[in-house]
Ligand SMILES: [Zn+2]
Ligand SMILES: [Zn+2]
C-alpha cells in the first residue's frame, strides 16, 4: 500500500481561479478553500475523478482544524488539515454557515 507521497505542484483553483503554489502538502485553495479530487490516499494523486471538491464544513480535533470537502462529481467526502496560509475569514465563514454544514447549496 502506498504511503504519503510528497508532490510539489502549482495548480489553478477550479472555483475562484486563483493560482495556488503547491508546497507538497496543500491541495486546496487558501482563498476559497475548494479542493480537487486527485488523491485516493493522501498525496498519491491517483484519483481519476478530478472533480471540484466543495468545502462543506470545519472540524476541530486535538487543537487542529480540519476542512471537510465533498466532491461535486462523485460525492466522495475527505478531510484535510487546514494550512497556515488559508484565509482565516473563509474558515470562520465556513464554520458559521449552516447551509454548508448540512450539505445544502
Ligand atoms: Zn479558490
Ligand atoms: Zn470525485
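Just so it is clear, none of the values below were taken in a lab; they were calculated from the coordinates. Since the structure is predicted, the reported quantities are computational estimates derived from the model, not experimental observations. Every residue, glycine as well, gets a Cβ built from its backbone with ideal geometry; the counts of neighbours run over all protein chains shown.
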*Subtract the Cα-Cα distance of residue 88 and residue 18 from 0.36 nm times their separation in residues, and report this length gain in nm to one decimal.*
23.5 nm
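Which of 29, 13 comes first, and how do the rest follow, when ranked by fewest Cβ neighbours within 10 Å?
13, 29
Sort 92, 67, 56 so that the residue with the fewest other Cβ atoms within 10 Å of its own Cβ comes first and the one with the most comes last.
Numbers: 92 11, 67 25, 56 19.
So the residues, fewest neighbours to most, are 92, 56, 67.
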*Taking the Cβ of each residue in 80, 88 as the centre, tally the other Cβ atoms inside 10 Å and list the residues starting with the fewest.*
88, 80
